[in-house]
Amino acid sequence: MHRIKIYILLLVVLSGCTLPTFYQRFYTFNQSVSDGNLEAAEKMIKENEKKLEKGKLEFLFYVNAGTVLSMQGKFKESNEYFEKADLFVEDFKKKALEEGAALLLNPNLSTYRGEDQEILMINYYKALNYLQMGDTENALVEARRMNLRLQQLSEKYKSERKYQKDAFIHLLMGIVYDAGGEFNNAFIAYRNALEIYEKEFLDMFQLGVPDQLKYDLIRTAHLSGLYSERDSYKNKFGLNYTSPTDEKGNLVMLWNNGLGPIKDEWGINFAIIYGSGGWVTFVNKDFGMSFPFYIGNSSLNGLTWIKVVFPKYVERPELFTSARMLYKEQAYSFNRVEDLNAISFKVLEERMMLEFGKSLLRVALKQVAAAQVGKENEGLGVALSLLGSASESADTRNWQTLPHSIYYTRISLSPGEHELKMHLKAVGGEIVEHIIDVDINKGQTLVYPINTMATTLKIKPMMPSYTK
């Protein structure tokens, strides 16, 4: 009896200890990125390279390192990490032992591969880096690889209501083809992007056709000699069009704004309904959920309910809500072209029933095992049952240095050096001005990334260091 009390006391203490989320474990790193202190973030990455590169966080180590280095202008080194992330995804194979441990004990025991939208963004950064290095050929290779991955995504999900097409990736392909002088391919990519914005993105993410895309579609139709298509889109959008001149260059600005969502966890209670023939049913009437589970001759020691935890996303709202470029008293607005925050919520929502089933199965198996042990040692069985509940946690890992949203605009400039002013409007209405200097050549398309990582969400750490 004394031993049973010790078991119970110990596990009550354990159950009172809330496990930190992935964001909280890496709070110092995340806060450094949000504050724009990229040198500190890079230092933390390099200090923990040996520990993280071959562990269960290998994917996240590569993409975080690649993102931080890209934002610092270290494009070649950045792509070395993104190439490793790419190879990791292509070569990834589930390990039976890890998957078994994840199913039976805790999902964080498995190696993290990356969400669908995260894997697509590897190619975004690689293409962006190549463009900064003046390597249009390899940027085009990445554009074509994006298209291949999009096709794989479409084959993976047959439902039209699922995230299986990405308008921005097609738009980016168009920008890359455009920069490489492949205007017909650029037109096709822009047209594909238009269709997805109109049919899928408007409905799923309330993201309509960007105004700048309309102009780029008309321009590349003209440059490809597709004059009937040019005129058709001019009439459709109600836009006037002036033929472009080779005497000028094009500045395409991609604004990576804010930071994407972080994963947290939430829990709901399920009533346990005992049926016949070794079946039990986990029921939550509030959410209309019912999951049958076969336990055979096992027992759940008369449990009437259990609590199960699941992952959820928490948005980190953008500090800057809009922006425009000012050049020679003319203003160019940025159009939102990708909402990674909304896509992340959508991707998780699509598989939540699978997450519910896996989590319930894991909890049920723990309780069945505890009941079996309890037949031999009642105190230990009770202890294992409590431990099973106390050790439950959701998988809160994700690529947290991705932007919240991506915007773009295009400006036609004469050859030479130019100073432009970027006005960013913050949540409170105040305007922050950034000066941008560019040097452009005749006929050149210069793709220029801008990064602002500030958010309005502040979450205190539960663990202060990068790795613990």
Kindly evaluate E39 against the criterion of being of a type in the set (D, E, K, R), modelled with pLDDT of 90 or more and farther than 21 Å from K263 by Cα.
yes
Scanning the stretch 170-191 for residues that are surrounded by fewer than 24 Cβ atoms within 10 Å (Cβ to Cβ) and either in contact with a strand residue (DSSP E or B) (Cβ under 8 Å, 6 or more places away or on another chain) or assigned to a helix (DSSP H, G or I) (or both) gives A179, F183, N184, N185, I188, R191
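Considering N269, N250, N235, which residue is touching a helix residue (DSSP H, G or I) at 6+ places or on another chain (Cβ under 9 Å) and of a type in the set (S, T, N, Q)?
Residue meeting the stated conditions: N250.
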Tell me the residue from K263, K307 that is surrounded by fewer than 16 Cβ atoms within 10 Å (Cβ to Cβ), of a type in the set (D, E, K, R) and within 30 Å of R25 (Cα to Cα), please.
K307
Breaking point among (1) assigned to a loop (DSSP other than H, G, I, E, B); (2) touching a His at 6+ places or on another chain (Cβ under 9 Å), for I196
(1)
Can you work out which of the residues in the stretch 428-468 that are touching a Leu at 6+ places or on another chain (Cβ under 6 Å) and within 17 Å of D35 (Cα to Cα) is modelled with the lowest pLDDT?
T456
The condition of being crowded, with 18+ Cβ neighbours inside 10 Å and among the charged types (D, E, K, R) holds, among E338, E350, only for E338
Condition first: within 30 Å of F282 (Cβ to Cβ) and of a type in the set (F, W, Y). Can you find one or more residues in the stretch 325-345 that meet it?
yes
Could you grab me the full set of residues in the stretch 139-156 that are in contact with a helix residue (DSSP H, G or I) (Cβ under 7 Å, 6 or more places away or on another chain), among the small types (G, A, S) and at pLDDT below 85?
A143
Only residues in the stretch 257-276 that are of a type in the set (S, T, Y) count as the first member; pair them with residues that are surrounded by 16 or more Cβ atoms within 10 Å (Cβ to Cβ), Cβ under 7 angstrom, at least 6 apart or cross-chain, and list the lot.
Y274/V280
From the option list G278, G260, single residue qualifying as under 28 Å from the mean Cα position of the chain (by Cα), over 16 Å from L171 (Cβ atoms) and not β-branched (V, I, T) is G260
Quick check: is even one residue across the stretch 269-281 in a strand (DSSP E or B), over 30 Å from Y125 (Cβ atoms) and touching a Lys or Arg at 6+ places or on another chain (Cβ under 7 Å)?
yes
Cβ-Cβ under 7 Å, sequence separation 6+ or interchain: first residue in the stretch 392-413 and more than 16 Å from N341 (Cβ to Cβ), partner at pLDDT 95 or above and part of a loop (DSSP other than H, G, I, E, B). Which pairs?
Y408/F334; T409/F334
Taking the stretch 423-452, which residues are more than 14 Å from T321 (Cβ to Cβ) and of a type outside the set (V, I, T)?
E433, H434, D437, D439, N441, K442, G443, Q444, L446, Y448, P449, N451
Members of the stretch 329-360 found to be modelled with pLDDT under 95, among the charged types (D, E, K, R) and either part of a strand (DSSP E or B) or out of contact with any Leu (no Cβ under 9 Å at 6 or more places or on another chain) (or both), listed by number:
E329, K346, E349, E350, R351
Residues (surrounded by fewer than 15 Cβ atoms within 10 Å (Cβ to Cβ) and small (G, A, S)) located in the stretch 413-434
S414, G416, G428, G429
Any residue at all in the stretch 58-79 that is among the acidic types (D, E), closer than 22 Å to T21 by Cα, more than 19 Å from the chain's Cα centre (by Cα) and surrounded by fewer than 19 Cβ atoms within 10 Å (Cβ to Cβ)?
no
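The values are calculated or read from the model by the stated rules, or taken from the named source; none is laboratory data. Computed from a predicted model, the values in this text were never measured in an experiment. All Cβ positions, glycine included, derive from the backbone under ideal geometry; neighbour counts span all protein chains shown.
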